[in-house]
Amino acid sequence: MASLQFTNTSSGNAALYVASDNSYWFAYLLAKGVSIPESDTLTLEELPNYNGYFLFAYSSPTLDATTFVNNVYTFLGPLQTYQSASVVWFKDPNATLTTSNTTQLILTGGTNGAYSVL
């Protein structure tokens, strides 16, 4: 079985890796300050090596990719320091992100791929 892969080649922002082959929009955003990997593709198995965020929405954002990434970083705010990863679900990725329209599940760990809810 082929592994799910994420690529930044057409996302518009090097830190934003979008999943290929998915019915809805699913992406992995590297945490602010994480070095961009040399490869433009990451597999699901590689993601625990990079702090970041699993992003979900019914449709892809139509905002400029850098604007969208900055909006996500702003929404996540100071909690970014304390998390290894996060699952974020956007009702509308183009709207101003608030706790009313964006759900975040903060994860910690990531050792050997094992995360726990913070």
With respect to L55, is the statement that it is touching a residue at least 40 places away in the same chain (Cβ under 8 Å) and of a type outside the set (D, E) true? no
Taking F68 and the conditions (1) of a type in the set (F, W, Y); (2) modelled with pLDDT under 95; (3) within 16 Å of N13 (Cβ to Cβ), which numbered condition does it fall short on, given that it satisfies the others? (2)
Can you find a residue in the range 54-77 that is over 11 Å from L16 (Cα atoms), touching a strand residue (DSSP E or B) at 6+ places or on another chain (Cβ under 7 Å), outside any loop (DSSP other than H, G, I, E, B) and aromatic (F, W, Y)? yes
Could you tell me which of the residues L55, L44 is of a type outside the set (V, I, T), within 10 Å of the chain's Cα centre (by Cα) and surrounded by 13 or more Cβ atoms within 10 Å (Cβ to Cβ)? L55
From the set of residues in the range 24-41 that are hydroxyl-bearing (S, T, Y) and under 16 Å from A14 (Cα atoms), which is farthest from the chain's Cα centre (by Cα)? S39
Residue list for the range 1-22, restricted to those being in a loop (DSSP other than H, G, I, E, B) and modelled with pLDDT under 85: M1, A2, S3, L4, S20, D21, N22
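The values are calculated or read from the model by the stated rules, or taken from the named source; none is laboratory data. Keep in mind that what you see is a predicted model, and the values were worked out from it rather than measured. Neighbour counts run over all protein chains shown; Cβ positions are idealised from the backbone, glycine included.
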